[in-house]
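The values are calculated or read from the model by the stated rules, or taken from the named source; none is laboratory data. Predicted model only: the values in this text are computed from it and were never measured. Here the Cβ positions follow ideal geometry from the backbone for every residue, glycine too, while neighbour counts run over all protein chains shown. Protein only, heavy atoms only, side chains kept; ligands, DNA and RNA dropped before computing areas. Shrake-Rupley method; radii C 1.70, N 1.55, O 1.52, S 1.80 Å.
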Amino acid sequence: MPIRIQEAAFDPGAELNAFAELTDGAGAIVTFTGIVRSSPGDPIATLTLECYPELAINQIGAIVSEAHTRFALLDEIVIHRYGTLNPGEPIVQVMALAPRREAAFAAAQFLMDYLKTDAPFWKKETTGSGERWVEAQGADDKAKARWS
């Protein structure tokens, strides 16, 4: 159950290739990579994520353990960056390894729904007109609620 909370950039393809070497008994790997978004109508210069890495590892570890059991995963990895990132840079990667694709897809969605709502990260966008904190989205809470 590797969880990496880091400032350093990561290569999503290299991470997947390394994870794919652990496929004994697996039928599916599902990978989700989130990138820093900047929309043309409201562009951002940077996204700064603040966190306490030890707290994040502990809290994310609990939900990763739940996903492992709930979806009978063979393995899983969560990588989440913090610090200042630029648009287009990878911010998060979730990988789920399971005997069947349904479990791998569901586990990746479950983990991302948790990360979007409850993981202890605070996001601040820098734009041409200043800085603003990113507020929680109701759609993210609704997505998470389906797992209750």
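See the values below:
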| quantity | calculated |
| --- | --- |
| Cα convex hull of region 1-49 - mean projected area over all directions, nm² | 5.2 |
| Phi to ³J(HN,Hα) by Karplus 6.51 cos²θ - 1.76 cosθ + 1.60 over region 113-125, Hz, x for Gly, Pro | 4, 5, 4, 5, 10, 10, 5, x, 10, 10, 10, 10, 9 |
| Three principal axis lengths of region 13-82 [C-alpha, angstrom, descending] | 45, 27, 20 |
| Coil-residue GluC sites (Glu not before Pro) of region 91-148, DSSP, other Cβ within 10 Å capped at 16 | 135 |
| Carbon/sulfur fraction of accessible area - the chain, other protein chains in place, 1.4 Å, % | 52 |
| Cut-off under 5 Å, modelled amide H: who pairs with residue 27 long-range | 98, 100 |
| Local electrostatic count, residue 78, Cβ distance below 14 Å [Lys/Arg +1, Asp/Glu -1] | -3 |
| Probe 1.4 Å, protein heavy atoms only - accessible area per residue of the chain in square angstrom | 55 |
| Kirkwood Rh in Å, taken over all unlike Cα pairs in region 41-116 | 13.6 |
| Once exposed loop trypsin sites (Lys or Arg not before Pro) are cut out (DSSP; at most 13 other Cβ, 10 Å), longest piece of the chain | 38-99 |
| At q = 0.11, 0.21 Å⁻¹, base-10 log of I(q)/I(0) for the chain (Debye sum, equal scatterers on each alpha carbon) | -0.43, -1.37 |
| Cα centroid separation - region 110-126 against region 1-74, whole Å | 11 |
| Among 111, 74, 97: highest mean-square fluctuation, GNM of the chain, C-alpha pairs under 10 Å | 74 |
| Helix-only mean residue ellipticity at 222 nm for the chain, each DSSP H run of n ≥ 4 adding -39500 (n - 2.57), per residue, nearest 500 | -11000 deg cm²/dmol |
